[in-house]
Amino acid sequence: MRIAIFTDTFYPDVNGVAKTLKRLTSFLESQKISYKIFAPSSPAKDFTDYPIHRTKSLSFFLYPECRLALPNLLQMKSEIQSFSPDLIHVATPFNIGLCGVYFSKKMNIPLVCSYHTNFDEYLQYYNLPFLTRLLWNYMHWFHKTCKKIFVPSPATLQLLKQQGFTNLELWPRGVDCKLFHPNHHKNSFKSDYKLEDSYLLTYVGRLAPEKDLHTLLAVAKTLPPDLNKKIHWLIIGDGPLRKELEAKAPANMTFTGYLSGKRLAQAYASSDILVFPSPTETFGNVVLESLACGTPVIGAKSGGVQNIIEPGVTGLLCSPGNVQEFTHSILHLLTNHPLRKQMGNAGRHYALTQSWEQILNNLIYQYSDIIQKRDVQKYA
């Protein structure tokens, strides 16, 4: 089996799509399945040795950290002909993704796509709601030749069904429970930020409009003063809103930039609650990572997050943008240590059932089924 992956973001980019594809390619290597990645050039240094074709790119104005690829179709065609894939997997609906769709049609190679981002919801946060219908028309055209569209959560699958998409298949996300676990040295992490005597409330993710961080700031400023003086907020991530958020943030809020690996796992494990107000997630990787570290989550009752959190068991769900509900939920958990502990244990137990190996084995099965059907048709 030979898989060509077309994506407009890949490691070392820091986002859910890049992380998921890195996990997928590592699994393909472990199974000795040949693959080739087509992705834009990245300003970040990549010291790993992936079989990857990088394309010239520019920074995208709405998302400065994302790249707008300027593909050379002749070079790409030569690479694809040399690699001779059995299947093309397109992960993004932008320039590189368009190339994947084009070569699938041109060379009669089966195509699958994975849907990672609710761009229609993003439009609301960038004052572009008038583009919604145009966007859905484009997404239908883009995906119309896909044998399968892989979606990360039941909520996303239902959304696409309502929009008239077919050939949908659930491809959820797993978590590395050996890296993300509750037993990290919490005192040393807290001492690094001088937080030994504080409740630690944490947000992890991109600092961008679609994450609804203005609700987070409002919540931080609404908590009762007597409790607030015992709380410290840790904002982990970066993005276009960082300077604005830092200027408006209360004194008990620290911005760390991106953390990864063991350091990120320590942050989760050291936190009392992960507060995640984003209403636009197709899945919510950080929610599952937090649960794996035994930390309950208060999240928005929207998108894929609502499929991960079991209310009252592993965390709490609040109406998107509802400052009062988020504030009440934080007060409820911070004043009830046994409940937080119980939720943390339940979250860890749930995370242990979300095995990447099982999830990715199922994806490979789907790949194989599509390739075999192509071969039967080809030689019938």
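Using the Cβ-Cβ distance between T166 and L331 with R0 set to 56 Å, the FRET efficiency works out to roughly 0.80. Among the GluC sites (Glu not before Pro) in segment 174-261, those placed in a DSSP loop whose Cβ has at most 13 other Cβ atoms within 10 Å are E196.
Restricting the calculation to alpha carbons of segment 20-152 gives Rg and Dmax of 15.6, 46 angstrom. The angle between the Cα long axis of helix 73-83 and the main principal axis of the chain comes to about 80°, on a 0 to 90 degree scale. Within 10 Å, at most 12 other Cβ atoms, and a DSSP state outside H, G, I, E, B define an exposed site. Report the longest part of the chain free of exposed trypsin sites (Lys or Arg not before Pro). Here the longest run is 231-380. Taking 22 Å as the limit for the C-alpha separation, the pairs K230/K341; K248/K341; K147/K211; K19/K211; K190/K301; K211/K301 exceed it in the case of K248/K341; K147/K211; K190/K301.
One quarter of the surface of the convex hull around the alpha-carbon atoms of segment 180-337 equals 8.1 nm², the direction-averaged projected area.
Computing the accessible area with a 1.4 Å probe over protein heavy atoms, can you report the carbon and sulfur percentage for the chain? So the carbon and sulfur contribution to the accessible surface is 52 percent. If you run the Gaussian network model on the chain, springs between alpha carbon atoms under 10 Å, then out of H332, H143, H181 the most flexible one is H332. Taking every protein chain into account, the 1.4 Å probe leaves Y193 with about 60 Å² of accessible area, to the nearest ten.
Listed values for segment 333-348 are Karplus-derived 3J(HN,Hα) couplings in whole Hz (6.51 cos²θ - 1.76 cosθ + 1.60, θ = phi - 60°), namely 7, 5, 8, 9, 4, x, 5, 4, 5, 4, 5, x, 5, 5, x, 4, and x replaces Gly and Pro. On full extension, the segment bounded by V313 and S191 gains 40.9 nm, given 0.36 nm per residue less the C-alpha separation. Each principal axis of the Cα atoms in segment 159-251 has its own extent, and those three values, largest first, are 52, 34, 25 angstrom.
The values are calculated or read from the model by the stated rules, or taken from the named source; none is laboratory data. As the structure is a prediction and not an experimental result, all values here were calculated from the model. Using ideal geometry, Cβ is built from the backbone for each residue, glycine included, and neighbour counts are taken over all protein chains shown. In case anyone asks, the SASA skips ligands and DNA or RNA and just uses the protein heavy atoms, side chains included. Shrake-Rupley method; radii C 1.70, N 1.55, O 1.52, S 1.80 Å.
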